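These notes concern the structure reproduced below.
The values are calculated or read from the model by the stated rules, or taken from the named source; none is laboratory data. Nothing here was measured: the structure is a model prediction, and the numbers come from that model. Ideal geometry is used to build each Cβ from the backbone, glycine not excepted, and the neighbour counts take in all protein chains shown.
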Amino acid sequence: MPTSTTWDPAQYHRHSDLRLRPALELFSRISAESPSLVHDIGTGGGEIARLMALRWPEANVIASDSSQEMLDAAQDTTAPETRIRWELLDLNEWQPTPTHDVIYANAVLHWLPDHAEIFPRLVDGLTTGGELAVQMPMSWWQPSHQAIRQTVAAMSTPEADQLAAFMATPNVGQPSQYYKILRPLVSDLDIWTTEYQQVLSGPDPVFDWVSGSILRPVFTQLPAPEVERFSTMCRRALRDAYPPQSDGTTLFPFKRLSIVAHQ
Ligand SMILES: C[S@@+](CC[C@H](N)C(=O)[O-])C[C@H]1O[C@@H](n2cnc3c(N)ncnc32)[C@H](O)[C@@H]1O
């Protein structure tokens, strides 16, 4: 359902500090010392690709994304970094050759179904000893996403019904599922979860947060008047799910699943 045109770089980067923290924590867990080829899949703003270029000055760095909007925005803000190769690439269709010393995918794979097929395909893209580093939000179970699904279901229009079907099942599984998929394929496997107690400010901050991610398909698939109706209902539901703290901020706990696997 989400297509390359569903992304809004400006909205996504409004909470860039909080979104970057798990990306950096994952990046710090990669142990490669002198890789030849490293690839940031679903690079978004390209922050990690730029760090890759700094951390491994001898490496070829690929930064790919299926959204031309994201790639254009990423390159606009990039200092002239000639070693980064920016590529339009849809992970659904990517058949990698085993040439990558690092494949890094932060906050990307939760958009794609069928992880039992995708994870082995990514491992196939690694050199011997190469590393796969992945972080995915476990947000499907959160009150925010439950409220969004209920609001979409309450719209009762053909477009909303399609969206409801798209949102009905989580793409991200439990940690044990990834252990089962990856353990036979790799020599070393580290899986962990982290729940960040995110403190947001401003009016309707949870609505603002999800506007840069899970609501992108809603905003692009629903007709304009329906978007307005949905937004009013959804804002209210998210305010109820996350009432403000006594200091006016909003606590938005967010759980993430991270994996580093060595081929
Ligand atoms: C939530 S953003 C994360 C961006 C970046 N990795 C970060 O951590 O800030 C998800 C990114 O994945 C990209 N994406 C979504 N589906 C994709 C696919 N099938 N293939 C490649 N990239 C995809 C989106 O265009 C978007 O830039």
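Worth a mention:
- Against the numbered list (1) under 18 Å from the mean Cα position of the chain (by Cα); (2) closer than 17 Å to Met167 by Cα; (3) not aliphatic (A, V, I, L, M), Phe119 comes up short only at (2).
- Options Val172, Val210: the member that is surrounded by 14 or more Cβ atoms within 10 Å (Cβ to Cβ), β-branched (Val, Ile, Thr) and assigned to a loop (DSSP other than H, G, I, E, B): Val172
- Failed item in (1) within 14 Å of the ligand (Cβ to nearest atom); (2) polar (S, T, N, Q); (3) buried (at least 16 other Cβ atoms within 10 Å of the Cβ), with Gln75 passing the rest: (3)
- Output for the range 99-109, where each listed residue is more than 8 Å from the ligand (Cβ to nearest atom) and either under 8 Å from the mean Cα position of the chain (by Cα) or not in a strand (DSSP E or B) (or both): Thr99, Leu109
- Some residue of the range 49-70 being more than 25 Å from Gln197 (Cα to Cα), among the charged types (D, E, K, R), within 15 Å of the chain's Cα centre (by Cα) and assigned to a loop (DSSP other than H, G, I, E, B): no
- Qualifying helices (runs of 4 or more DSSP H) (wholly inside the range 113-169; at least 1 residues being at pLDDT 95 or above): 115-124, 143-155
- Among the residues making up the range 27-48, those that are at pLDDT 95 or above, within 9 Å of the ligand (Cβ to nearest atom) and farther than 16 Å from Ser213 by Cα are Asp40, Ile41, Ile48.
- Positions within the range 103-127 being among the small types (Gly, Ala, Ser) and closer than 24 Å to Gly45 by Cβ, in sequence order: Ala105, Ala107, Gly125
- Selection of the range 229-255 for residues being part of a helix (DSSP H, G or I), of a type in the set (D, E, K, R), surrounded by 11 or more Cβ atoms within 10 Å (Cβ to Cβ) and within 26 Å of the chain's Cα centre (by Cα) yields Arg235, Arg236, Arg239.
- Entry remark, the range 216-226: residues being surrounded by 15 or more Cβ atoms within 10 Å (Cβ to Cβ) and either over 14 Å from Val152 (Cβ atoms) or within 23 Å of the chain's Cα centre (by Cα) (or both) number 7 in total.
- When each of Thr5, Thr78 is tested for being part of a loop (DSSP other than H, G, I, E, B) and either out of contact with any Gly (no Cβ under 8 Å at 6 or more places or on another chain) or at pLDDT below 95 (or both), the lone residue that passes is Thr78.
- Reported count of residues in the range 183-195, each being crowded, with 16+ Cβ neighbours inside 10 Å and touching a Pro at 6+ places or on another chain (Cβ under 8 Å), is 2.
- Filtered residue count, the range 49-70, keeping only those that are more than 7 Å from the ligand (Cβ to nearest atom) and either of a type in the set (S, T, N, Q) or surrounded by fewer than 23 Cβ atoms within 10 Å (Cβ to Cβ) (or both): 13
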